[in-house]
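K.L.:
My questions will all concern the structure given below.
Bear in mind that the values in this text are calculations on the coordinates, not laboratory data. Note that this is a predicted model, so its numbers are computed, not measured. Methodologically, a virtual Cβ is constructed for each residue, glycine included, from the backbone with ideal geometry; neighbour enumeration extends over all protein chains shown.
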Amino acid sequence: MHRPQPTHSPPRTRPSAPGGARPWHGGRQGRWAGALAAAACLLAGASLPAATPAGKSRTVEQLQNAGVWAEPRAFVRGNNVRIYYALDGRPTVFKAEWQRARIEGRDYTYRLAELEYDQSPPRLPRPDGLWHEATVLGQAEWEQWARDAAEWLTGPAPWQGTFLQLLDTERVLYRDETGATRVAAPDAVPARVAIRQRYNAQEFATTLSRLFETSLGSPAARQRFFVLVDAQAARILRFILLDTAKRRCVLLYAPRVAYDPQGGPQILTSARMVTSFLLESHGVALLKNPVSALGRLLNVTLRGVMGLLDTGLPSFKTPPPPVADRPGMDLEAWEARLDGLGAARDRGALRLLVNGEQFFPAFQRRVAQARRGVDILVCIFDRDDIAVDIADFLKARSADVPVRVILDRMNSHGAGNTPPATPMRGQFVPPASIGAYLERDSQVRVRPFLNPWFTSEHAKLYLVDGDHAYLGGMNLGREYRHEWHDLMVEVTGPVVAHFQHDFAKAWAHAGLLGDLAYATQALFGPRPTPPPASDGNWPMLRRLYTRTGRPQIRRAVLDALDRARQRVYMENPYPYDNRIVGALARARHRGVDVRMVLPSSADFTGADRSNCVTANYLLKHGVRVFVYPGMTHVKALLVDGWACLGSANFNRLSMQFNHELNLATSHPPTVESLRRELFEVDFAKSREIRQPIRVSWTDHVAEYILNHF
């Protein structure tokens, strides 16, 4: 794992850090500093963006040209940090702030924070003040240890590998037959390499931070704060902050902000978003989709009133009994019940694709091989670098095969105006409109799903050549490729023809003739042909939907929870439906093994607040609550021998208002695959909550509000 030597001179020895900590020159502590430094190399990666926003680029470039990257002083106060450089005799200060994790994962928490250039830099904090000076480890002090960290990560045996998913970088470390350590992209790893462990960014930072902390010795001898400086790449500003007392590892980086010269400044993008809500999502929708738009208004009104009458979560007079050892529910009777709910029986096979590392390459390989066409129905087609890469790929393929895209206008606009948690690559300029970008200089056809009364097309359905389908929780953007834990399935078999029929109706509805075109397609369009008798060997599946006035997924989920006898495993970041949460508690009071997986940090503050309250309720009633390290966006449920997964969250938006698509099955190998490849892995990665979480009245307010959405 060779790393280039720094081009500047080694840093001068600094005075002792506050509290008597000695300068860092190796030894036992230095070797683990090197391991964490290797983490910094991999966490920060060569693809982090140059700091070029207005007001920042000149200062950052001056620092780089002056060769003082490795000479800062860093001060920490709570969730704030200041980093001081001396430039031309004047203080140059960068600052950052981050939010603490409400539900912590295993050991250390890992956060990201954007650095800002302080236009009015304060003086250096006083030694006896509230700011605490950190021990700063420069590039030359820790680069020598990167190879040692790689040696440790690969383990002793040859042909065993460690997979690292770190920001937008995927690497496999392994040892070859000579014992040498190698690093390669996943698609360049020899076939004989067996991956023995996998790390996402939070798990990796947690592991190395914990080892680093252990190496410091007794708590009394420890310096609390450490800052690692990465001065390797020109015009890039990034640090790793380690707080051994609060047990947190923070990646600090300077973001890049830019505009599409063809799309105009950001203010015009925001104006277009407001215009689309007021004029298109309501005015245009009412003109071309009068029946469906009014139907959605009626559905939103009635179910909103019913939600206000919700009596809340159930209470119980007795504690939950021990988990019972008994068979699961009668699956034959359950399948008959699903017939009664109108869930059609289909045939097909599922292959789980866990995380972006599995889904995106598989989907792109299939698109590259397409011969008849590619159809995409997606809630969010983002404007970040990953989404634009996919857009470019689709544009190139559109020269050879038809490519059609339906995207939810409201969610795509909203996500496009929200920067991702991890920094995008340098020199990237996001387009003002992803729809316009897709159609520009290509044969891609794009139609938006309008959002009357703020309802959404929340399904994610990707079709290739009419014989391969992908569905689940992943949209198109950086979060889904690199940042979040998520789940998709690859579907083959006769059921794919039904998905193609669904897309044809959605495409017609999103067009100029709207409701009329939809009705024509539904009544007179080609229908999927019944599979031949030989296709009876395909496993039996169920398509489940949420449509206006048809909460099919919610009914199936609630019925399944009420029938559970053996186990219920659920994973989702947004469990905001009191009926479903109450059903989990009732199942546990019947002796069922009930487990819930929540994220340690969701994608918005209100979700974390609500999840704390929900976790306490479930914990009180005997449900085992697990906290996944980072953001899990998975929407999956396992009830005894039945599995249900797809795009629907376990909240009222997904269960009653939005358009959703799930698949369900009682096929034993598929159910076992979901248990083994998703739930058991996530239980092992997560920390189980055993004591109630401290909550405030604001958390209860958030929980009450979100349980109406």
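K.L.:
If you keep only loop residues by DSSP, which trypsin sites (Lys or Arg not before Pro) in segment 434-466 have at most 15 other Cβ atoms within 10 Å of their Cβ?
P.N.:
Qualifying residues, ordered by number: ARG440.
K.L.:
Of the listed peptides 497-507, 341-351, what is their order by residue-averaged count of other C-beta atoms within 10 Å, with the highest listed first? Mind dumping the intermediate values first?
P.N.:
Working: 497-507: 19.5, 341-351: 17.3.
So the peptides 497-507, 341-351, ranked by packing, come out 497-507, 341-351.
K.L.:
What number comes out for the charge environment of ALA459, summing +1 per Lys or Arg and -1 per Asp or Glu over other residues with Cβ under 10 Å away? Please list the in-between numbers first.
P.N.:
Numbers: positive: LYS460; negative: ASP408, GLU457, ASP502, GLU660.
Summing Lys and Arg as +1 and Asp and Glu as -1 gives -3.
K.L.:
Could you list, in their original order, any pairs among LYS246/LYS620; LYS288/LYS505; LYS317/LYS620 whose Cα atoms are separated by more than 23 Å? Present the calculation step by step, with values, prior to reporting the outcome.
P.N.:
Working: LYS246/LYS620 27 Å; LYS288/LYS505 15 Å; LYS317/LYS620 12 Å.
From LYS246/LYS620; LYS288/LYS505; LYS317/LYS620, over 23 Å: LYS246/LYS620.
K.L.:
Which order do peptides 462-469, 392-399 fall in by mean Cβ count within 10 Å, highest first? Intermediate results must be reported in sequence, preceding the final value.
P.N.:
Details: 462-469: 20.9, 392-399: 16.5.
Highest mean packing first, the order is 462-469, 392-399.
K.L.:
While we're looking at this one, here's another question. Once the other residues with Cβ under 9 Å from the Cβ of ALA362 are scored (Lys, Arg +1; Asp, Glu -1), what is the net sum?
P.N.:
Values: positive: ARG351, ARG365, ARG366; negative: GLU490.
Taking every Cβ under 9 Å from that of ALA362, the sum is +2.
K.L.:
By per-residue mean of other Cβ atoms within 10 Å, what is the highest-first order of 446-455, 520-529? Provide the component values of the computation, followed by the final result.
P.N.:
On the way: 446-455: 21.3, 520-529: 11.9.
With the highest mean Cβ count within 10 Å placed first, the list reads 446-455, 520-529.
K.L.:
Give the cross-link partners of LYS395 among the lysines, using a straight C-alpha distance below 21 Å as the criterion and excluding same-chain residues fewer than 8 apart.
P.N.:
List returned: LYS460.
K.L.:
Here's another thing I want to ask about it. I need ARG567, ARG478, ARG126 ordered by Cβ neighbour count within 10 Å, fewest first. Each step should come with its number before you reach the end.
P.N.:
On the way: ARG567 18, ARG478 24, ARG126 8.
Fewest-to-most Cβ neighbours within 10 Å comes out as ARG126, ARG567, ARG478.
K.L.:
Let me ask something else. Dipole magnitude of segment 484-568 about its Cα centre, charges +1 at Lys/Arg Cβ and -1 at Asp/Glu Cβ only, in debye to the nearest 20?
P.N.:
Working: 11 positive and 7 negative charges, 80 e Å.
Once rounded to the nearest 20, the dipole reads 380 debye.
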